[in-house]
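Some notes on the structure that comes next.
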Amino acid sequence: MSSSNDGSNPAAGLAAGGAMAMLNGMLGSVKERWDASGGNEVLSRVSSNIPQGTKDSLQNAQSKFLNPKYLRSLRVFFGIGEEKPFFFEKSPSLIMVRLQHNLSFFYLNYLLMTVVLFILTLITNPLAIIGMVIIAFGWLYVARAAVDGNLQLAGVSISQKAAAIPMGIFSVILLFWLLQDVFWWAIFSSAFFALVHAFFRDASMHKDEEDKVVMMGEFSEEDAAFLNPVDSELSQV
């Protein structure tokens with residue numbers, strides 16, 4: 001019996017190694033084709049055509065709303081180590097306060113949960129993946145064919161802007177048709193889990209987290225307690 005196990009382990013190792021080698025080869029082939037097709041040049045050209053004001057606005061919005069520092073750890077999200085992280089609040093006014101705080105405090109976690117559910121649902125839908133690949137190659141063809149600003153289609157010269165409009169309409173319709181089930185399932189599922197978490201999670205101890213004073217230098221315990229009273233009360237508990 002032990003000999004059969006000893007024999008199966010090398011076989012399993014060889015199979016896993018072969019699968020990894022095949023996967024690496026496929027990824028390398030895709031990367032080579034992407035580089036050969038000039039995909040990086042197209043992306044850089046598209047990026048250079050975006051107005052600087054738009055780039056600054058997107059960067060400011062990203063730093064404000066998608067800042068990783070607002071992503072709460074699993075310990076904080078689930079209240080690991082806290083005495084009573086989840087409980088049912090009976091007072092309607094306190095429920096509203098809890099919902100308002102949790103939705104603003106854990107919003108990035110809820111957004112990440114939505115993205116994860118969307119991806120997990122998407123990878124189980126091969127038709128949606130094929131459609132997205134077709135759309136991506138379609139946009140890549142339009143961008144590359146219009147290098148000089150015009151797209152030649154059946155001998156007719158079409159401007160890049162005129163070609164982008166029907167391509168955009170086609171992409172929206174196709175994505176809506178392919179991803180409507182995936183999108184709505186991910187939205188409703190994540191919204192349900194987020195509301196349940198926000199309703200029962202008592203994160204009141206983290207309300208004053210952003211109001212803490214960063215202390216540098218030497219401070220006495222009385223000064224520290226005055227600047228950050230919440231921390232001092234928790235340490236006493």
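Quick one: Gly81 ticks every box in (1) at positive phi; (2) in a helix (DSSP H, G or I) bar one, so which box is it?
Among (1) at positive phi; (2) in a helix (DSSP H, G or I), Gly81 violates only (2).
Which of the following residues is open to solvent by 30 Å² or more (accessible area, probe 1.4 Å), more than 30 Å from Gly168 (Cα to Cα) and in contact (Cβ under 8 Å) with a residue 40 or more places away in the chain: Phe86, Phe105?
Numbers: Phe105 fails: open to solvent by 30 Å² or more (accessible area, probe 1.4 Å).
The unique qualifying residue is Phe86.
Please find, within segment 39-73, the residue that is modelled with the lowest pLDDT out of those that are basic (Lys, Arg) and under 25 Å from Val115 (Cα atoms).
Here is the first cut: in segment 39-73, the ones basic (Lys, Arg) are 45, 55, 64, 69, 72.
Add one more test, that the residue is under 25 Å from Val115 (Cα atoms), and what stays is 55, 64, 69, 72.
Working: Lys55: 66, Lys64: 76, Lys69: 87, Arg72: 93.
Per the stated criteria, the residue is Lys55.
Taking the condition of being under 11 Å from Arg201 (Cβ atoms) and of a type outside the set (A, V, I, L, M, F, W, C), how many residues in segment 84-109 meet it?
Result for segment 84-109: 7.
I need a count of the residues in segment 53-78 that are part of a loop (DSSP other than H, G, I, E, B) and closer than 16 Å to Arg201 by Cβ.
3
Mind listing just one residue for me: the one in segment 89-102 that is out of contact with any Lys or Arg (no Cβ under 9 Å at 6 or more places or on another chain) and not in a loop (DSSP other than H, G, I, E, B) and, of those, most open to solvent (accessible area, probe 1.4 Å)?
Ranking the qualifying residues of segment 89-102, first place goes to Gln100.
The values are calculated or read from the model by the stated rules, or taken from the named source; none is laboratory data. Here the structure is a predicted model, which means the values were calculated and not measured. Neighbour counts are summed over all protein chains in view; Cβ atoms, including those assigned to glycine, are modelled from backbone coordinates with ideal geometry. Heavy atoms of the whole protein, side chains included, go into the accessibility calculation; ligands, DNA and RNA do not. Shrake-Rupley method; radii C 1.70, N 1.55, O 1.52, S 1.80 Å.
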